[in-house]
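Okay, structure first, notes after.
The values are calculated or read from the model by the stated rules, or taken from the named source; none is laboratory data. Because the structure is predicted, anything quoted here is derived from the model rather than measured. All Cβ positions, even for glycine, are placed from backbone atoms using ideal geometry, and neighbour counts span all protein chains on display. Surface accessibility is based on the protein's heavy atoms, side chains included, excluding ligands, DNA and RNA. Shrake-Rupley method; radii C 1.70, N 1.55, O 1.52, S 1.80 Å.
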Amino acid sequence: MNPKKELPLIAIVLLPIIYLATVWNELPQKVPVHWNINGEIDRYGSKMEILAVTLFIPIFIYGLFLVIPKIDPKNKIEKMGGKFQSLKFIMVTFMSLLAFYIVYSVKNESISNPNYILIGIGALFIILGNYFKTIQSNYFIGIRTPWTLENEKVWKETHKLGGKLWVFGGLLIVISCLVLDRKVNFIVFFAVTVTITLIPVIYSYLLFQKEKNSLSN
């Protein structure tokens, strides 16, 4: 582990925790922990729940990215080099911002616009989609189906298609949040998420069967 590369990430992980510490005494014992699609509070809970969420989200993701290269049996993660570090930075930053936003919303007992979260996720889809083609075959990151893991060509082609779908899907979510009604936005979000998840899985199976048949003929 390179301390120079990890220190900025550790600082990012700590930001929502520090923010929570500064507002902790201002929070009541019962705080809002869930909002509906209109941004209205529909459940209250203990402020310890917020502490658990704030600690868990960024720390878990950061820890996961530290562990993955050490347990990767194919050692493909290490071959990604700077791309993996960039991916780790993106994911840790996103999760820390999400935790920060949750604490901010709890403190103010309001989510000013639920679309902000969807826009953030849409932007994350776009960024991740652009990284798909650089991900080497591995058991931890990417579209990991029995067929992509079995065949290198299937892995590459599936990730090419998946990358395009994730970028397009992310753009669709962002545009939807900017121009459409909130309820419609959630429908678009779930439809896009299901689509960009299922199509690459189905495609990997069909491509694997095609490759398998071509070898047997």
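Rounded to the nearest 10 degrees, the inclination of helix 115-131 to the longest alpha-carbon principal axis of the chain is 30 degrees.
Helix 82-108 axis versus longest C-alpha principal axis of the chain: approximately 30°, rounded to the nearest ten.
Distant-in-sequence amide contacts of Tyr44, defined by a placed amide H-H separation under 5 Å and a gap of 5 or more residues or a different chain, comprise Val33.
Against the chain, whose longest principal axis comes from its Cα atoms, helix 182-216 is set at around 20 degrees. Counting only Cα atoms, the range 78-187 measures 49, 27, 21 Å along its principal axes, largest extent leading. What are the lysines whose alpha-carbon lies under 18 Å from the alpha-carbon of Lys107, with same-chain residues fewer than 8 places away excluded? Correct list for Lys107: Lys30, Lys47. For the range 49-92, just say rounded, prolate or oblate: build the C-alpha gyration tensor, square-root its eigenvalues into a ≥ b ≥ c, call rounded for a/c under 1.5, and beyond that prolate if a/b exceeds b/c, oblate if not. Because a/c hits 1.5 or more and a/b fails to exceed b/c, the range 49-92 counts as oblate. Converting phi to 3J(HN,Hα) with the Karplus coefficients 6.51, -1.76 and 1.60 and the offset θ = phi - 60°, the range 137-152 yields 4, 7, 8, 10, 10, x, 8, 9, 10, x, 8, 6, 6, 7, 9, 4 Hz in sequence order, with x at every glycine or proline.
Let me check something: with ligands and nucleic acids excluded, how do Met91, Met48 order by accessible area (1.4 Å probe), largest to smallest? Each step should come with its number before you reach the end.
Values: Met91 30, Met48 105 Å².
Order by accessible area, largest first: Met48, Met91.
Backbone phi angles across the range 62-75, fed through the Karplus curve with coefficients 6.51, -1.76 and 1.60 (θ = phi - 60°), yield HN-Hα couplings of 4, x, 4, 5, 6, 7, 3, x, 6, 10, 6, x, 8, 6 Hz in residue order; Gly and Pro are listed as x.
Dividing the summed helix terms, -39500 (n - 2.57) for each DSSP H run of n ≥ 4, by the number of residues in the chain produces a 222 nm estimate of -25500 deg cm²/dmol to the nearest 500. Note on the chain: Rg/Rh from Cα positions, Kirkwood definition for Rh, rounded to two decimals, is 1.03. For the range 143-217, the solvent-accessible area of protein heavy atoms averages 61 Å² per residue (probe radius 1.4 Å; ligands and nucleic acids excluded). Considering only alpha-carbon pairs that sit under 8 angstrom and 6 or more positions apart, the relative contact order computed for the chain is 20 percent. Would you mind telling me the share, in percent, of accessible area of the chain contributed by carbon and sulfur at probe 1.4 angstrom? Carbon-and-sulfur percentage of accessible area, whole number: 66.
Could you sort the peptides 77-85, 9-17 by per-residue average Cβ neighbour count (10 Å cutoff), highest mean leading?
Working: 77-85: 15.0, 9-17: 17.4.
By packing density, highest mean first, the sequence is 9-17, 77-85.
Using the Cα centre as the reference, give the magnitude of the dipole from point charges on the C-beta atoms of the chain (Lys, Arg: +1; Asp, Glu: -1; all else neutral), rounded to the nearest 20 debye.
Details: 22 positive and 13 negative charges, 139 e Å.
Result for the chain is approximately 660 debye, rounded to the nearest 20.
With the cut-off at 29 Å, tell me which of the pairs Lys5/Lys74; Lys5/Lys133; Lys4/Lys160; Lys160/Lys183; Lys160/Lys212 have Cα atoms farther apart than that. Long pairs (Cα-Cα over 29 Å): Lys4/Lys160; Lys160/Lys183.
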